[in-house]
Amino acid sequence: MEVLNWIGLLIILLVGWMIWSKLTWKTIMVGSDIRSEEAIRDKYRLYKSVNIRCRLKKEVQPPIVTGVNQVVTNHVDPNAGSTILKLLVHRRDIYKVNQLKS
C-alpha cells in the first residue's frame, strides 16, 4: 500500500511539473520554411543579446499516411514529415520583448 502512495505522489508531481513548465515558456514565433526559420533565429540572437531568456525548439511533425497502398506495403517516406521551429520566451521576459517592439 505504501508503494502505491509513492507512485501516486510521483505521478502528481510529474503532472504538476509538466503543467508548470508549459506555463513558464510562451511561444511567440513559429515557422516551418527556410525564410521564417532565419527570421526566428535572428530574433533569437537579438533577444539573447539583450538578456531575454529564450530558447529554440524544433519539432518534427510525422508524415501523414494517405492511401491504402502505403499502409499495405508499410512504406512511408521518412522525409515526408515537416519540421517546425518555435521561439519560446520566458513568461517573465515577455514585457522586455514588448518594449523592444515599441
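The values are calculated or read from the model by the stated rules, or taken from the named source; none is laboratory data. This structure is a prediction, so every number in the text was calculated from the model and none was measured. All Cβ positions, glycine included, derive from the backbone under ideal geometry; neighbour counts span all protein chains shown.
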Kindly indicate the residue of the stretch 1-57 that is small (Gly, Ala, Ser) and over 22 Å from LYS96 (Cβ atoms) and also surrounded by the most Cβ atoms within 10 Å (Cβ to Cβ) among those meeting that condition.
SER36
May I ask you to list pairs of residues, at least six apart or on different chains, whose Cβ atoms are under 6 Å apart, with the first in the stretch 81-102 being free of Cβ contacts under 8 Å to residues at least 60 places away in the same chain and surrounded by 12 or more Cβ atoms within 10 Å (Cβ to Cβ) and the second being in a strand (DSSP E or B) and of a type in the set (Gly, Ala, Ser)?
LEU85/GLY31
Somewhere in the stretch 25-44, is a residue within 15 Å of the chain's Cα centre (by Cα), part of a strand (DSSP E or B), modelled with pLDDT under 95 and over 18 Å from VAL89 (Cα atoms)?
no
Report every pair of residues separated by at least 6 positions or lying on different chains whose Cβ atoms are under 7 Å apart, first residue within the stretch 14-33 and of a type in the set (D, E, K, R), second in a strand (DSSP E or B).
LYS26/LEU88; LYS26/VAL89
